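A short worksheet on the structure shown next.
The values are calculated or read from the model by the stated rules, or taken from the named source; none is laboratory data. Computed from a predicted structure; not experimentally measured. Because the Cβ atoms are built from the backbone with ideal geometry, glycine has one as well, and the counts that use them run over all protein chains shown.
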Amino acid sequence: MYSAFFEIIEMGKMIEIRQITDQDLEDIRLINQLNSSNPNKPQNEKEFCLYFYTEYYVKFEKDNCFVAIDADKKETVGYILASKDYKQYISNIVSDFKERARELGFEERFFLETHCFELYGKDYPAHFHIDVKPAYQHEGIGTMLLDAEIRHMKNNGVKGLMLIVGKNKISGNKFYEKHGFKVIDSNDFCYVRGITLI
């Protein structure tokens, strides 16, 4: 079990980083929606995205996921959600959500998004999603969350950590470069970035 730690950041805020619990799901969903590139997406797409980028991890990967809490306000202000084993991730998500994705009209997207890590799974078996509330961005919270995740993955003997990030996400790409995530592949729209941990 990962113990919480506190860090004081700009403007005197005290931020707690701790592992997620089931009770964090609604706050995580809210932050995900606040950061959505299309907050007005149709309900079926919203359900698909919320499961795919938040609910799956709370259901199956709690040990690998962290939240950032503004300790003074007792408010969840960010999260990092991760899977440390690509093969286990595929097994879980296919058995739990493939049929629902089909019902929602996203069978092809489900296949593409679950298998996009497959080519890199040997060297980078872990992947993650990270979000911070807009009002708390650029204050070091993303770094705190990423540092906690990297420490956790190293402590669990995970070989490498990866993510996919849009080429149009300029500040995001700078953030990952600063933290050692190299481009391991790309297409017209996105970069596959990874970092070797052990």
Residue within the range 162-171 that is in contact with a helix residue (DSSP H, G or I) (Cβ under 9 Å, 6 or more places away or on another chain), surrounded by fewer than 14 Cβ atoms within 10 Å (Cβ to Cβ), part of a strand (DSSP E or B) and without any contact (Cβ under 8 Å) to a residue 40 or more places away in the chain present: yes
Test result for Phe97, among the hydrophobic types (A, V, I, L, M, F, W, C) and modelled with pLDDT under 95: no
Checklist (1) surrounded by fewer than 15 Cβ atoms within 10 Å (Cβ to Cβ); (2) touching a residue at least 24 places away in the same chain (Cβ under 8 Å); (3) assigned to a helix (DSSP H, G or I) applied to Asp123, failing item: (3)
Odd one out for Ile150, checked against (1) in contact (Cβ under 8 Å) with a residue 60 or more places away in the chain; (2) of a type outside the set (S, T, N, Q); (3) within 19 Å of Ile17 (Cβ to Cβ): (1)
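Looking at Gln19, Gln23, Gln88, can you tell me which residue is at pLDDT 95 or above and touching a Cys at 6+ places or on another chain (Cβ under 9 Å)? Before you say what the answer is, go through the steps one by one.
On the way: Gln23 fails: touching a Cys at 6+ places or on another chain (Cβ under 9 Å); Gln88 fails: touching a Cys at 6+ places or on another chain (Cβ under 9 Å).
Checking each option against the conditions leaves just Gln19.
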Failed condition for Glu55, given (1) acidic (Asp, Glu); (2) surrounded by fewer than 19 Cβ atoms within 10 Å (Cβ to Cβ); (3) not in a loop (DSSP other than H, G, I, E, B): (2)
